[in-house]
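Okay, structure first, notes after.
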Amino acid sequence: MRAGIRHVVLTLGVIPMAVALAACGSGGGDPDGQSAPRIGLLLPDATTARWEAQDRPLLEKKIRQLCADCVVEHANAKNDVAIQQEQMDSMITKGVDAIVLVAVDARSLANEVRDAAQADIPVIAYDRLAEGPISGFVSFDGQEVGRLQGRALLRAMRDDSAGKRQIVMMNGDPSDPNAAQFKKGALSVLAGRVKIGKAYDTLQWRPETANMNMSGALSALGVANIHGVYAANDGLAAGSISALKANKVDPLPPVTGQDAELGAVQRIVGGEQYMTVYKPFGPEASAGATMAVTAAHGAALDRVAKDTVRPTGGKQVPAVMLTPVSVTVGNIKDTLVKDGVYTVGQICVPRLASACSKAGLT
Ligand code: BGC
């Protein structure tokens, strides 16, 4: 785990100098040298907390640090593909200098990515790989996210239900390429070791859909026969847990998650959720901002990224791939608190006081 964090720091260690060079460079995105560079930031939805609560402020801050006169034009597609297509069109019409895109649906946005490339506007795919001729990509190893979730689930179930372990899988939205990676990684660990009683794909990553699906799984399998829940992210974990509680499942089976949402961290402290996957927001936003500013100045991205990726319908491009971290109650302090994502005060609300002191969160 620590090695993972160290890896992140090392990966990004090369970036600041390269950006400084890019920022002093020819200003390729601003040929007249007059107007301030403009960067479009297109986020997918307001359902999952991270995009507006973590990624947006961190990206904006880092872009400002790297480029004091850069202007960020933000828009949120609220999970609607047509709205995001319009937002892309509008950024292209305005002639922004670079676009940071978290695609609602990778395939449906490919035409707009092509239009941007034709207009010489570099598109940085942020967290989710977009289809088409993007210029760069920053994300985490998605299969490793799934493996961390799968391993944690096996560990949590080991003592409970000798050999008769049955789980329910709450996977993400199939139009998000990350969802397939998470599922593949998780199955590489879980297949053959547990029985998968029910598996669902969750359109638009909606917690209320996971809630409905978990109620269905409980009726189909029986409340006593679910020994673990693979939830691909914290929103799906929340929806699943509320269905388990509504059906009086006690004790709750271990439930996985992802995103280190504050509510999930509190559920972990309170014993309702077993784990989450923390994908350090700071390094991801920093790499995304660095790529965007570099591209907006017309400089090459291979100077700021050491990995590569080949998107569907595009050629190989520079990428920064970061390492995810598994978080259970025992390492909240060494990860999320240490990195300044949350203070102990934010996590330890009065109702969690005794759970917090048991967990050493004081
Ligand atoms: C991201 C996750 C997020 C999910 C739902 C995925 O592409 O990697 O962090 O929970 O989308 O928004």
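This table checks each residue for (1) out of contact with any helix residue (DSSP H, G or I) (no Cβ under 9 Å at 6 or more places or on another chain); (2) among the hydrophobic types (A, V, I, L, M, F, W, C); (3) under 25 Å from Val293 (Cβ atoms).
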site	(1), (2), (3)
Cys67	no, yes, yes
Leu101	no, yes, yes
Ala152	yes, yes, no
Val168	no, yes, no
Gly172	no, no, no
Asp176	no, no, no
Ala179	no, yes, no
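Every residue, every condition in (1) assigned to a helix (DSSP H, G or I); (2) open to solvent by 40 Å² or more (accessible area, probe 1.4 Å), yes or no:
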site: Arg128; (1), (2): no, no
site: Gly146; (1), (2): yes, no
site: Gln149; (1), (2): yes, no
site: Leu153; (1), (2): yes, no
site: Met169; (1), (2): no, no
site: Ala180; (1), (2): yes, yes
site: Lys184; (1), (2): yes, yes
site: Leu218; (1), (2): yes, no
Subject >> Close pairs (6 angstrom Cβ cut-off, 6 or more residues apart or separate chains): closer than 18 Å to Phe137 by Cα in the stretch 171-184, open to solvent by 20 Å² or more (accessible area, probe 1.4 Å) and more than 8 Å from the ligand (Cβ to nearest atom) anywhere >> reply: Ser175/Asp105; Pro177/Leu129; Gln181/Gln143
**OP:** Test Ala49 against the criterion of being among the aliphatic types (A, V, I, L, M), under 30 Å from Gly239 (Cβ atoms), free of Cβ contacts under 8 Å to residues at least 40 places away in the same chain and open to solvent by 40 Å² or more (accessible area, probe 1.4 Å), and give yes or no.
**Re:** no
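Which residue out of Ser188, Ser108 is in a loop (DSSP other than H, G, I, E, B) and more than 18 Å from Leu322 (Cα to Cα)? First the steps, then the outcome.
Numbers: Ser188 fails: in a loop (DSSP other than H, G, I, E, B).
Sole residue among the options that is in a loop (DSSP other than H, G, I, E, B) and more than 18 Å from Leu322 (Cα to Cα): Ser108.
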Subject >> Test for Glu144: is it modelled with pLDDT of 95 or more and in contact with a Pro (Cβ under 9 Å, 6 or more places away or on another chain) >> reply: yes
**OP:** Could you tell me whether the stretch 200-211 includes any residue that is open to solvent by less than 10 Å² (accessible area, probe 1.4 Å), out of contact with any Lys or Arg (no Cβ under 8 Å at 6 or more places or on another chain) and away from the ligand (no atom under 16 Å from the Cβ)?
**Re:** no
**OP:** Return yes when Ser240 is at pLDDT 95 or above and open to solvent by 30 Å² or more (accessible area, probe 1.4 Å) and no when it is not.
**Re:** no
**OP:** Could you look through the stretch 220-233, keep only residues that are assigned to a loop (DSSP other than H, G, I, E, B) and closer than 16 Å to Asn247 by Cα, and pick out the one that is most open to solvent (accessible area, probe 1.4 Å)?
**Re:** His227
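The values are calculated or read from the model by the stated rules, or taken from the named source; none is laboratory data. Being a predicted model, the structure only gives us computed values, none of them experimental. Because the Cβ atoms are built from the backbone with ideal geometry, glycine has one as well, and the counts that use them run over all protein chains shown. Note: areas computed on protein heavy atoms with side chains; ligands, DNA, RNA excluded. Shrake-Rupley method; radii C 1.70, N 1.55, O 1.52, S 1.80 Å.
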